[in-house]
Amino acid sequence: MKILFLSSEFPPETGFGGIGTYVAHLAPALAARGHTVTVLSRTLGKEDTEARVDGVRVVRVADREAPPEVWQPPFDPRVARQAKSHYDRAFTVALALQDDPSLADVDIIEAADWAGEAALVRAMLPDVPYVVKFHTPAKLVFAWNESGVSGAFIEALHKLESVAVHNAMGFTCPSRWMIGACEELFEIPPGHVRAIPNPFAAGPVAPRRTAPERRVLYVGRLEARKGVVEAVAPMCRVLRALPDVHWRLAGADTNSAPGGGSMKAALAARIPEDLRARVHFLGALDRVALGDELASANAVLLPSRHENFPYACLEAMAAGAAVVASRNGGMAEMIESGRTGLLVDPKEPGTVIDALLRVLEQPFFASELGRAAAAVVHERYRPDVVAPLVEQHYASVLATPVST
């Protein structure tokens, strides 16, 4: 097959977010199976670029400004102005497909749900089927973050995503929990979204390292939906109970604090002064630094309010870390509580405290959790295991005539 991924996120230039990480793992695996794979991504510079990475053609296109007349029904130019940068990106993708025939010469296209990059693809290429991969739709993200983002912006972005979703011929999603949420949000009939896990290319499990102090590591952006606000109270209890424990937070700051503003500042303000020396905000880490942190963590706390199928969890499991994760979402499908990690309800601080104390005070148990978790990631989520499932999904979509 000739496969095109639409993904504004693609490392290294446009980051290691979940969408970019997914494409960076899957695209080479499909290329290794003999498919011709192209990624149409974004460049942060002014000039378009092209390169080959691990057998994949990577085309990066700078955003173009869409003229208002582009936004004909079902779009509204007034709505498009509310989320202009995202509408411009959808236009840029369509323009690239028009200007470069080699990009349009494909059998199937895959795009993420987020920000509706594929919203104009059907109009541009009516005979090429495309599928949508559900990561987490914008309307859910902003609701779970209780953000101060304007409702007009959220509705404009949701409209863009809805058009892209409703024009797709197939859907995948890594967690059944998120499938239910997306079916409801986009009014998709049950049974139309196929559950396929996210691929993860885990290297050899690094030897566990002993730090001068015991460490609880949080991995992820500092944002409300990740549960960091609720995690402060139980973590402070753990820090008081175990004076040699430190809490380390690896992730970029965001403006999703309660009431708006820096989440890092809001979290720091909630930590009692006598405990602040044992709480460390590490910022966004590169892959090497994150690997070092995971290798020396006695526990990894992932207390999300809601989560799909996070790479932070896959990375921690693959590193052989003892993961204490939220049961509210897709991580409950990734972790078998008591065998490959511990599941807790982040809304009930007592469950978080008990799980962390159990892991921190029972190192052999923690080691067994980590060993089993690493084995599961290697067995189930390797790209060469997941790629055939995606391939089968594409084949089933290609076997269905494109409706007009």
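The values are calculated or read from the model by the stated rules, or taken from the named source; none is laboratory data. This structure is a prediction, so every number in the text was calculated from the model and none was measured. Methodologically, a virtual Cβ is constructed for each residue, glycine included, from the backbone with ideal geometry; neighbour enumeration extends over all protein chains shown.
Report every pair of residues separated by at least 6 positions or lying on different chains whose Cβ atoms are under 6 Å apart, first residue within the range 1-17 and of a type in the set (Val, Ile, Thr), second part of a loop (DSSP other than H, G, I, E, B) and at pLDDT 95 or above.
Pairs that qualify, where the first residue is of a type in the set (Val, Ile, Thr) and the partner is part of a loop (DSSP other than H, G, I, E, B) and at pLDDT 95 or above, are 3/35.
For residue 389, which of the numbered conditions (1) more than 23 Å from residue 178 (Cβ to Cβ); (2) modelled with pLDDT of 95 or more; (3) surrounded by fewer than 18 Cβ atoms within 10 Å (Cβ to Cβ) fails to hold?
Residue 389 satisfies every listed condition except (1).
Which one of 117, 69 is within 20 Å of residue 136 (Cβ to Cβ) and in the same structural domain as residue 142 (by TED's automatic domain parsing)?
117
Name the residues in the range 190-201 that are on the phi < 0 side of the Ramachandran plot and not in a strand (DSSP E or B), would you?
Once the filter is applied, which keeps residues that are on the phi < 0 side of the Ramachandran plot and not in a strand (DSSP E or B), the range 190-201 yields 190, 192, 196, 197, 198, 199, 200, 201.
Could you please find all residues in the range 202-230 being touching a Gly at 6+ places or on another chain (Cβ under 8 Å), outside any helix (DSSP H, G or I) and assigned by TED's automatic domain parsing to the domain that holds residue 355?
218, 219, 220, 221, 222
In this structure, is residue 58 among the hydrophobic types (A, V, I, L, M, F, W, C) and surrounded by 22 or more Cβ atoms within 10 Å (Cβ to Cβ)?
Against the criterion (among the hydrophobic types (A, V, I, L, M, F, W, C) and surrounded by 22 or more Cβ atoms within 10 Å (Cβ to Cβ)), residue 58 qualifies.
Report, by residue number, each residue of the range 108-152 that is touching a residue at least 60 places away in the same chain (Cβ under 8 Å), out of contact with any Phe, Trp or Tyr (no Cβ under 8 Å at 6 or more places or on another chain) and in a loop (DSSP other than H, G, I, E, B).
Result: 117, 126, 127, 128, 129, 145, 146, 147, 148, 150.
What are the residue pairs meeting all of these: first residue in the range 328-340, first residue over 22 Å from residue 181 (Cβ atoms) and assigned to a loop (DSSP other than H, G, I, E, B), second residue at pLDDT 95 or above and not aromatic (Phe, Trp, Tyr), Cβ atoms under 7 Å, and 6 or more apart or on different chains?
The qualifying pairs are 339/372; 340/317; 340/369; 340/372; 340/373; 340/376.
Among the listed residues 370, 320, which satisfies the condition of being in a loop (DSSP other than H, G, I, E, B) and either in the same structural domain as residue 130 (by TED's automatic domain parsing) or in contact with a Ser or Thr (Cβ under 9 Å, 6 or more places away or on another chain) (or both)?
320
Do any strands (runs of 3 or more DSSP E) entirely within the range 1-89 hold 2 or more residues that are more than 26 Å from residue 392 (Cα to Cα), and if so, which?
So the answer is 49-53, 56-61.
In this structure, does residue 239 turn out to be touching an Asp or Glu at 6+ places or on another chain (Cβ under 7 Å) and farther than 30 Å from residue 163 by Cβ?
In short, no.
Can you tell me which residue in the range 162-184 is farthest from residue 6 (Cα to Cα), limited to those that are free of Cβ contacts under 8 Å to residues at least 12 places away in the same chain and of a type in the set (D, E, K, R)?
Checked the range 162-184; the qualifying residue farthest from residue 6 (Cα to Cα) is 184.
Name the residues in the range 31-63 that are of a type outside the set (Val, Ile, Thr), free of Cβ contacts under 8 Å to residues at least 12 places away in the same chain and within 20 Å of residue 101 (Cα to Cα), would you?
50, 51, 52
What number of residues in the range 259-316 are part of a helix (DSSP H, G or I), under 24 Å from the mean Cα position of the chain (by Cα) and of a type in the set (Lys, Arg)?
Counting residues in the range 259-316 that are part of a helix (DSSP H, G or I), under 24 Å from the mean Cα position of the chain (by Cα) and of a type in the set (Lys, Arg) gives 2.
With under 30 Å from residue 299 (Cβ atoms), surrounded by fewer than 17 Cβ atoms within 10 Å (Cβ to Cβ) and without any contact (Cβ under 8 Å) to a residue 12 or more places away in the chain as the only criterion, which of 212, 190, 207 stands out?
212
Would you check which residues across the range 278-310 are crowded, with 17+ Cβ neighbours inside 10 Å and of a type in the set (D, E, K, R) and list them?
Correct list: 278, 293, 305, 307.
Among the residues of the range 161-189, which ones are hydrophobic (A, V, I, L, M, F, W, C) and either closer than 14 Å to residue 306 by Cβ or not in a helix (DSSP H, G or I) (or both)?
Those that are hydrophobic (A, V, I, L, M, F, W, C) and either closer than 14 Å to residue 306 by Cβ or not in a helix (DSSP H, G or I) (or both): 168, 169, 171, 173, 177, 178, 179, 181, 182, 185, 188.
Of the numbered conditions (1) surrounded by fewer than 20 Cβ atoms within 10 Å (Cβ to Cβ); (2) at pLDDT 95 or above; (3) among the basic types (Lys, Arg), residue 89 fails exactly one; give the number of that condition.
Residue 89 satisfies every listed condition except (1).
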